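The next block holds one structure in the form of C-alpha cells; read it before the comments.
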Amino acid sequence: MVEFSPSPANSADIGVTGMAVMGSNLARNLARNGFKVAIHNRSTGRTKAVMDAHGDEGEFFPAETMDDFVNSLQKPRVALIMVKAGPATDAVIEELASRMEEGDIIVDCGNSLFSDTRRREAALRERGLHFVGAGVSGGEEGALNGPSIMPGGTVESYDRLGPMFEKIAAQVNGEPCCTHVGADGAGHFVKMVHNGIEYADMQVISEAYDIMSRALGMSAAEIAEVFSAWNQGPLESYLVEITAEVLAHVDPKTQQAFVDIVADRAGQKGTGAWTVQTALDLGVPVTGIAEATFARAVSGSVPQRTAALSALPALAEDVTIEDRAAFIEDLRKALYASKLVAYSQGFDEINAAAEEYGWAIDRGAMARIWRGGCIIRARFLDRITEAYERNPQLPLLLADEYFTKEISDVVPAWRRVVSFAARAGFPVPVFASTLSYYDAIRSERLPAALIQAQRDFFGAHTYQRVDREGTFHTLWSGDRSEVQE
C-alpha cells in the first residue's frame, strides 16, 4: 500500500509528472540508473499503480499534489512533463511555473509542435525559468531501456539536465544517444523531422512488401525472410528488423498471416504532417516524407477508395518478371536509394530551420544520436555523421563522396522498379517521388523557367535572366517589350 505523504524537501534529483506508459517508463529508467525520482499524476491511482508494480526498482518519491511534487525536488528543480501535447501541456506548465523559482527547469518530453515550444520557452524565460523541449524517440521500450533524446533549451539547463539524460539514453560504442540540440524549439523540431523520416521509411518498406506480395505472389512468411536477409547488409535498421518480425507473425485466432488480417488504414498523430507543413514554409522539398504522409491519408479515404475501385479501370500492363531473384535485388537497391533520399531531405529541413531560427545544430551529431534507441536507427547513420564531419556545411547529403557512390550504384535498379510499378499499376509514391527528386536535384535546367514566365504573364511577378543581372518584366498586354524592375 502506497502512502501519500509529503516527501522530504529537496530530496529528488528530478521529477516526472504524467504516469502513463511513457512517463512511468522514463521515471523507472531514471530510478534504475541511480537517480532519486519524484513522480506525480493528476489521478493518484496511476501513481499508486507505478509504486505498487515498480517501487522496488529505485528511489521514488510519490506525490499526491503538485505542491508536494515541486517541494520534493532539489534546487534548481527539474520537472519532466509527459502529458498529451496541446492545452494539457500548457495547463501543467502553468501549474509547475506558478510554484517554481528563478533558475528552475521545466522539460516537455512529449511530441509538442516546435513553435509551441518556442512560445513557451520565451514566456517562461520572462519569468526567470528555463523551458526545455526534449524529443524522446524509441517508444515504450526505449523510454524504459534507453531512448534517443533530443533536448533543446539553454546551455545552462543542459548543464543540469544533460548528465541525467545522457546516462539514461541508449549507448552506442560508449557514446550516449543524447546531445544538446540547440536553443528554444530546436529539440522538438529535430524530433519532428525524425518522425517525418520515419513516415517515409515505413511507407517505402511497405511499397517493397506490396510489390513482392502482388507482383511475385510471395507469402508474408516468404517476404519476412527477404527482409531478414536485407537486415544483414546496408539496409540494417530497426524498421527493417521489425518488418521481418511482423510479416513472420501468425494471427493466433485465424492462423493467417497477421499482416493479412490488419485493416489497411494507417493512422497518424500529426508529426508527419507538421514536418511537411513546416518544410513548405521553409521552402524545402521533402517529397518522400510528403508522399508518405499523403499515402496514409489515402489509406484512410475509404469512401473514395470504394468509389474508385468500382469505377476506375486499372489499364495496367501484364508485366512478366523473368528473374525473381534479380527483381528482389532491384527492390533492395531501390529501397536503399529511397531511404537515402528521405534522410537527405530531412537533414535539409533541419539545416533550413537552423538558419531560419538561429539554431546552431550539428547535423552530424543528430545522426550520431539516432544510431540507438530511436525508431529510425540504421547502419548508415554512421556514414551520415562522417559526411558532416568531413564538411559541416555540406549543402546536400547525397553530394558527399560516400553517398554519391552509394546512390550511383543503385539508380539503374531504382529506375527499373519504378518503371515496373507504373506499367503494372502498383502505387509507389515514395519510390517514385524520391526518384523524381533525384532527377530534379541533379538537372542542369528545370522547367521552372516556363512557370516563372507564366507567372509574369498573368501576375507581373517578374523574372530573372540567364544572360544578365537584374529583375525583369515583359509587358504582355502591351507591345511585349521588356522592362527592368
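Taken together, the values in this text are just the output of simple stated rules run on the coordinates, not laboratory data. Since we're looking at a predicted model, the values are computed, not measured. Cβ: placed from backbone, ideal geometry, glycine included. Neighbour counts: every protein chain shown.
Quick notes on this structure:
- Within the chain, the percentage of alpha carbon pairs spaced more than 45 angstrom apart rounds to 22%.
- For the range 247-259, backbone phi angles converted through the Karplus equation (6.51, -1.76, 1.60; θ = phi - 60°) give residue-by-residue couplings of 5, 7, 6, 10, 5, x, 7, 9, 6, 8, 4, 4, 4 Hz, Gly and Pro being listed as x.
- Under 25 Å, Cα to Cα: Lys pairs in the chain, sequence gap 8 or more or different chains: 14
- For the range 353-453, trypsin sites (Lys or Arg not before Pro) are listed when DSSP marks them as loop and at most 12 other Cβ atoms sit within 10 Å of their Cβ; the list is ARG442, ARG445.
- Cα pair distances of the range 1-143 binned at 5 Å [whole percent]: 2, 11, 22, 25, 21, 13, 5, 1, 0
- Amide hydrogen neighbours beyond the local backbone of VAL16, cut-off 5 Å, H modeled: ALA38, ILE39, HIS40, LEU80
- With K and R counted +1 and D and E -1, the other residues having a Cβ less than 15 Å from that of ARG160 yield a net charge of -3.
- Counted charge near ASN33, where neighbours are those whose Cβ lies closer than 14 Å (Asp, Glu -1; Lys, Arg +1): 0
- With respect to the chain, whose longest principal axis is taken over its alpha-carbon atoms, helix 220-230 is tilted by about 80°.
- For the range 280-362, applying the loop criterion from DSSP together with a ceiling of 16 other beta carbons within 10 Å to the GluC sites (Glu not before Pro) yields GLU317, GLU322.
- Net +/- balance of residues flanking ASP323 in space, Cβ distance below 10 Å, scoring K and R +1, D and E -1: -2
- Shape call, the range 262-342: gyration tensor on alpha carbons, a/c limit 1.5: oblate
- When shorter helices are ignored and each DSSP H run of at least 4 residues is given -39500 (n - 2.57), the per-residue value for the chain at 222 nm works out to -17500 deg cm²/dmol.
- Centre-to-centre separation between the Cα atoms of the range 42-115 and those of the range 320-396: 35 Å.
- Theoretical gain in end-to-end length, PHE258 to ILE451 [0.36 nm per residue, Cα-Cα removed]: 64.7 nm
- Over the range 353-443: Kirkwood hydrodynamic radius from C-alpha pairwise inverse distances, Å: 15.2
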